[in-house]
Amino acid sequence: MQQPAQNFVYFLYVRKSTDVEDKQVLSIEAQIVELKEFARRLELQVADIFIEKQTAKKPGRPVFNEMLHRISAGEANGVIAWLPDRLSRNSIDSGQIIYMLDENVLGDLKFPHFWFENTPQGKYMLANEFNSSKQYVDNLSVNTKRGLRQKVREGHYPSIVPFGYLNDVRTKTVVANRKTAPIVRQCFEMYAKGNKTCGDIADFLFASGVATKGRRKTKNDPKSAGGKRWHETRVKNMLSNIFYYGHFLYAGEVYEGKHTPIVDKALFDRVQAVLTGRGRVQKKVTTPQALTMLVRCANCNCYVTGSHKVKRQKNGNVHEYTYYRCTHKSKVVACSEPELREYALASQLVPIAKSFAISERMGAFMLTKLDEDTQVVQADSTKLITTHRARLDELAGKSKRLFDVYMDGDIEQDEYRERRAEIMSEKKSLESKVERIAARADFWIEPVAKKQKSRCKQRPISHFPPRKHLVRAARDQRKNRPKGRQFPEKSLYGADERT
């Protein structure tokens, strides 16, 4: 039997569906004002107010459970809420409320816009209202997922974009961040060289002003200050994210996006090769310097070799130098010439290089060959583009057949997703190759032709001084050099030219 109304003590329960402070700002305050006015008008006794900022779609709300626990302890026997959907949108909490009504632990429920009394008919109407609330949430989830799938099929990423991009709230699209996108590309280019680790990339990002962000403040988790260096794992995830070359992963499947890629597929593949080949940086292979084996020592006539050196100071500054020295391979002359800086050696070679010229007859012959090369390159490019496009058509048919096989149930979903990802990756690589070939097939021919024409206008090669004069001049410079002078402009090396 229902208790007399004058013996009911009520808890006032208000709820909004999110714990973000800047969303549904007025919802809680409006509910409290309206419900207090409702309780005053009906002369209801309110013992306490419970405020919750969490969705009711799933059970386990801490404030709601605390309220039911206090009702079970006898502190109150009624609840005032705006509507039944404020109390529950899931079957477990709904059943718990109705069971407490059956056991008279909970005596009454009051809503400004819904009638209820603790009778079989009233509980039946309440159960229907709870079912309607749950159905609304379920339908909302289904409709939202349907809209997200359609958005994905159109090539738009339906979630928060990775670092380097922005979600444009006006157009509901993804755009590249003009400030951070170049930094992301630099990270890929640095790591693709093979001499950087994920830790080095994290240091570069931190030096560029990229740091961790603070977590959102909640009741049980105070806000983190952030501002720290990225972890190596996060850098690795960034370098292996297919979003940066134009694809994205959604629900385990790879889709082709309409957003602007930050890196091309070729650069992304080089980075993946480095990531796959090793986890740590390997010793860098010595790269031959530009002037190695092109210059001979004026003292012993041996070739000159170059070496690259890096100096790291305690204040963090890094200086790089390139030195050239004699190989000391002569068995006749004991050469003791010191090292020479690259810019000093180059300053002596530039006038010599400018002295070279090509005869008009040879220049015309080379320009004719360049014209022939242009035609050959264009023909090869057309043939290669045709081959790649044929392969793209083949991949499109293969993707369609794979989908048909998957729909027939002949392969599992995991295998379908794996094969589809491989097809999408190869397709993107071929598209990038076609674009590069169409745009830069003969990019080298025009600069070479222009250089050849300028060389033909310089002085004849017969005006170039013999090698022995250069060697003798270099020796005279070494003998006449002041003892206290250490400037590298006085080269000890001569050019190795053949007349």
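Other residues lying with their Cβ under 15 Å from the Cβ of Ala176 contribute a combined charge of +2, Lys and Arg counting +1, Asp and Glu -1. Say R0 is 25 Å: what FRET efficiency, to the nearest 0.05, do Lys398 and Ile160 get from their beta-carbon distance? Computed FRET efficiency for Lys398 and Ile160 comes out at 0.15.
Counting other Cβ atoms within 10 Å as a rough exposure proxy, the listed residues Glu394, Glu129 run Glu394, Glu129 from fewest neighbours to most.
Taking the Cα centre of the range 67-113 as origin and assigning +1 to Lys and Arg Cβ atoms and -1 to Asp and Glu Cβ atoms, the resulting dipole is close to 180 debye. With a cut-off of 17 Å on the backbone N, the residues of the range 153-193 near the modelled label site 7 Å out from Gln272 along Cα-Cβ are 188-189, 191-193. With both labels modelled 7 Å from their Cα along Cα-to-Cβ, the Val350 to Tyr124 distance reads 9.9 nm. Based on the Cβ-Cβ distance of Ala438 and Lys309, what FRET efficiency does E = 1/(1 + (r/R0)^6) give at R0 = 60 Å, to the nearest 0.05? Efficiency at R0 = 60 Å is approximately 0.90. Distance cut-off 23 Å, Cα to Cα: go down the list Lys145/Lys172; Lys193/Lys311; Lys16/Lys58 and report the pairs above it. Exceeds cut-off: none, every pair is within range. Counting neighbouring beta carbons within 10 Å and listing from fewest to most, the residues Arg296, Arg234 come out as Arg234, Arg296.
Ordering of 311-323, 239-251 by packing is 239-251, 311-323, highest average first (other Cβ atoms within 10 Å, averaged per residue).
For Lys329, the aspartates and glutamates whose Cα comes closer than 15 Å to its Cα, not counting residues fewer than 8 places off in the same chain, are Glu337. Taking amide H positions as modeled 1.01 Å from N, with prolines and chain starts lacking one, the residues under 5 Å from Val161 and 5 or more places away or on another chain are Asn167. Cross-link partners for Lys151 among the aspartates and glutamates, with Cα-Cα distance under 15 Å and sequence neighbours closer than 8 places in the same chain left out: Asp168, Glu253, Glu256. Charge tally around Tyr124: other residues with Cβ under 14 Å, Lys/Arg +1 each, Asp/Glu -1 each, net -2.
Look at Glu418, Glu103 and count the other Cβ atoms within 10 Å of each Cβ; fewest to most, that gives Glu103, Glu418. Of all aspartates and glutamates in the structure, those lying under 13 Å Cα to Cα from Lys36, and not within fewer than 8 positions of it along the same chain, are Asp48. Kirkwood radius, the range 69-163, all distinct C-alpha pairs, inverse of mean reciprocal distance: 15.6 Å.
Convex hull volume per residue, computed on the Cα atoms of the range 1-140, equals 102 Å³. Taking 0.36 nm per residue of separation and subtracting the Cα-Cα distance, full extension of the segment from Glu415 to Ser141 would add 95.9 nm.
No value in this document is a laboratory result; all are computed from the given coordinates. What you see is a predicted model, and the numbers here were worked out from it, not measured in a lab. Neighbour counts are summed over all protein chains in view; Cβ atoms, including those assigned to glycine, are modelled from backbone coordinates with ideal geometry.
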